[in-house]
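Below is one structure, written out as structure tokens, with a few remarks after it.
Here, each number is a calculation from the coordinates, and none is a lab measurement. In this text, all values refer to a predicted model and were calculated from it rather than measured experimentally. Note that we place each Cβ from the backbone using ideal geometry, even for glycine, and neighbour counts take in every protein chain shown.
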Amino acid sequence: MKKILFQSWQQTAVFHNPLKEGQLDTQNIEVRMDPLTGHQSTFNEAMEGKMSMLFPDTDYAYLEERAKATEAACFMCDGRWRSATPSYSTGFLPESRPQRGEAVLFPNLFPLAAFHAVIMLGDRHLRLMNELHADLLEDALALSMESFRECHRQDPSLRHFTINANFLLPAGASLIHPHLQLLGSPFPGTHHQLLLEKSLAHFQKHDSCYWLDLLEEEKFREVRMIGQMSDSAWFAAYSPMGANEVNAIWPDTSHFLEWKASEVRQMAEGISRVLKGYHHMKFSTFNFSCFSGPVDRASPEFRCFLRLVNRQNVTAHHRTDDYYFQKLLKNEIIIQRPEKLAANLRPFF
Ligand SMILES: [Zn+2]
């Protein structure tokens, strides 16, 4: 029995098209389903090459103007984080605001989980995506792993962790200043739980790990592979949940407490390279989430997994890229074929 199925279906829409002098036009639509979750994404080949219709160009002058207007009041800038941010009790973490290089970790003022930390990514208020360098990300991710270890040690009920990012306003960030968000909870979030449940079902059905099976299939097919490092593999999602979705799998680890320095370095390197590629393709914002299995046991059915997507570009009156189709129908639009995305990003690895 085939373990990984890349399923899709085709349909056509027929109408008189004013862009073709009123002629009868037939447009072909492909719907793809994620092999694990069944999540659907839709590609209309008539939109090929028309990315700017959905994602207008970034207005860098506007971004600079917003950065200038918000810098003076930014609670991270000019060392204001030392007094203006919340801090942890040293009974919970060894330092109240752990630091590594230019990365600083402190609690979110309005936490969404028992452990909800923010990591400031450097002193600069405004960075573009291609300026989020691997060394800076490595410091922040190393801090993340140390904090997960400590908070699980202090409270073993905290077992489910994710590392997340909203970069710039259209991606949901309330601050221009670059930062990460860490969540740790006794319970996995909605999508995290779905990944864990579906992974277990695959393991029970096939007696093998979905993530290793997926990686083997993607490597065999090659078309969506972007790059391989010794401890991680990077590829374009077959049926993306967001624009230009890139995935990474760490095949040797099912949870974050198993990570060594090399896994951390590769996450930093990989993200930095993809962001350079996104910048080259003229995108300016992103979200990512990196998922861990429960940290109190090895999970043969799961592997650490990253989703990284673009969001709407920065413009003065940007239109959201998350509307009824995504938010309520839970589908996504493919703005460029994942196979083409992989080809565009390979030079950065
Ligand atoms: Zn700032």
Could you please state, rounded to a whole Å, how far the C-alpha centre of the range 63-140 is from the C-alpha centre of the range 7-39? 44 Å
Can you bin every Cα-Cα distance in the range 7-50 into 5 Å intervals starting at zero and give me the percent of pairs per bin, rounded to whole numbers? 6, 20, 21, 21, 14, 9, 5, 3, 1
Need one number: % antiparallel among DSSP beta bridges in the chain, to the nearest 5. 95 percent
Cα-Cα over 21 Å: which of K219/K282; K205/K340; K50/K340? K219/K282; K205/K340
Suppose we keep just the alpha-carbon trace of the chain; what are its Rg and Dmax in angstrom? 20.8, 72
Can you tell me the order of 178-188, 42-52 when each peptide is scored by its average per-residue count of other Cβ atoms within 10 angstrom, highest first? 178-188, 42-52
Which of the cysteines in the chain are isolated, no other cysteine C-beta under 4.7 Å? C151, C209, C290, C304
Give the shape of the range 22-90 as rounded, prolate or oblate, defined through the alpha-carbon gyration tensor: a ≥ b ≥ c are the square roots of its eigenvalues, a/c under 1.5 means rounded, and otherwise the shape is prolate if a/b is larger than b/c and oblate if not. oblate
